[in-house]
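Colleague: Sharing a structure with you now.
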Amino acid sequence: MAYWNWDASYEIGISVIDNQHKRIVEYINELHGAFVSKNKESVSVVLIALADYTVSHFAFEESLMEQAGYLFLEPHKKVHEKFVETVSRYINDFHKGEDISGKLMAELQIWLTHHILHDDKDYKEAVQKLLAEKREIPKEIKKKSWFAKLFG
Ligand SMILES: [Fe+2]
């Protein structure tokens with residue numbers, strides 16, 4: 001059984017973001033599996049994959065918030081930044097041989113749940129509006145846009 005089951009209540013209603021959040025939850029489950037197997041090599045691999053994916057996801061969210069003119073972009077970026085620092089600290093401690101499993105698993109779940117339900121749901125309206133506007137852009141312009149490639 002999975003450590004953490006995705007729940008529909010975590011959906012913010014923007015499918016591209018919801019799918020990325022789901023993938024992060026999957027990585028957290030993979031990490032749990034690696035900790036349970038006590039295989040340091042797999043823990044290390046999953047930790048890095050989770051961190052990399054999360055950083056790209058944050059960059060993606062930030063770019064949408066920026067284009068949407070979202071008012072709280074800067075504070076939201078700060079929250080992302082702090083989380084990346086925290087995860088990096090755990091990774092360092094792990095490489096120093098510390099047992100980070102219990103604390104890290106708890107922190108990942110609590111942080112992500114809170115972040116999605118509060119911080120991410122807060123930008124929902126602005127970003128949804130942006131995406132709706134992007135859909136109205138004429139096809140010739142759309143072809144050249146990186147954005148259109150993702151959402152077109
Ligand atoms: Fe976020």
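The values are calculated or read from the model by the stated rules, or taken from the named source; none is laboratory data. Keep in mind the model is a prediction, meaning the values are calculated, not measured. We place every Cβ from the backbone using ideal geometry, glycine too, and count neighbours over all the protein chains shown. These accessible areas exclude ligands, DNA and RNA; they are computed on the full protein's heavy atoms, side chains included. Shrake-Rupley method; radii C 1.70, N 1.55, O 1.52, S 1.80 Å.
Colleague: Return a whole-number percent for the relative contact order of the chain, with Cα pairs under 8 Å and 6 or more residues apart as the contact set. All intermediate terms of the calculation are to be shown ahead of the outcome.
Modeller: Numbers: 80 pairs, mean separation 40.7, N = 152.
The normalised contact order for the chain reaches 27 percent.
Colleague: Pairing the Cα long axis of helix 40-67 with the longest principal axis of the chain, what angle in degrees results, from 0 to 90 and rounded to the nearest 10?
Modeller: For helix 40-67, the angle is close to 20 degrees.
Colleague: Additional query: Extension gain ASP7-GLU133, at 0.36 nm per residue separation less the Cα-Cα distance, in nm?
Modeller: The span from ASP7 to GLU133 would gain 42.5 nm if fully extended.
Colleague: I want to verify a result. In a Gaussian network model of the chain, Cα cutoff 10 Å, which of these has the top mean-square fluctuation: PHE35, PHE72, PHE83?
Modeller: Its mean-square fluctuation being the largest, the pick is PHE72.
Colleague: Oh, and also: What is the magnitude of the charge dipole of the chain about its Cα centre, with +1 placed on the Cβ of each Lys and Arg, -1 on the Cβ of each Asp and Glu, and no other charges, expressed in debye to the nearest 20?
Modeller: Details: 20 positive and 24 negative charges, 103 e Å.
So the dipole magnitude of the chain works out to roughly 500 debye.
Colleague: Pull out the extension gain between ASN92 and ASN39, defined as 0.36 nm times the separation in residues minus the alpha carbon to alpha carbon distance; nm, one decimal.
Modeller: 17.4 nm
Colleague: Using a 1.4 angstrom probe on the protein heavy atoms only, line up VAL84, VAL127 by accessible area, largest first.
Modeller: The residues order as VAL84, VAL127, largest area first.
Colleague: All other residues with a Cβ under 14 Å from the Cβ of VAL55 taken together, and with Lys, Arg as +1 and Asp, Glu as -1, what is their net charge? Write out the running numbers ahead of the final one.
Modeller: Values: positive: ARG23, LYS77, LYS82; negative: ASP52, GLU61, GLU62, GLU81, GLU85.
Overall, the nearby charge balance is -2.
Colleague: Can I ask one more? Would you calculate the separation in nanometres between label points at VAL84 and GLU26, each defined as 7 Å from the Cα along the Cα-to-beta-carbon direction?
Modeller: Each label point is offset 7 Å from its Cα along the Cβ direction, giving 2.3 nm.
Colleague: Using only Cα atoms, tell me the angle between helix 101-114 and the longest principal axis of the chain; keep it within 0 to 90° and round to the nearest 10.
Modeller: 20
Colleague: Something else: Would you tally the net charge around TRP6, using a Cβ to Cβ cut-off of less than 12 Å, leaving TRP6 out, and scoring K and R as +1, D and E as -1? All intermediate terms of the calculation are to be shown ahead of the outcome.
Modeller: On the way: positive: LYS22, ARG23; negative: ASP7, GLU11, ASP18, GLU26.
Result for the local shell: -2.
Colleague: Measure nothing fancy, just the Cα-based angle from helix 121-135's long axis to the longest principal axis of the chain, in degrees from 0 to 90, nearest 10.
Modeller: Once rounded, the angle reads 40 degrees.
Colleague: Okay, moving on. Please work out the C-alpha center-to-center distance from region 26-102 to region 1-24 and express it in whole Å.
Modeller: Value for the Cα centre distance between the two parts: 16 Å.
Colleague: Taking trypsin sites (Lys or Arg not before Pro) as candidate sites, keep only those in a DSSP loop with at most 15 other Cβ atoms within 10 Å, then name the longest stretch of the chain containing none of them. Mind dumping the intermediate values first?
Modeller: Working: sites that count: LYS38, LYS96.
In short, 39-95.
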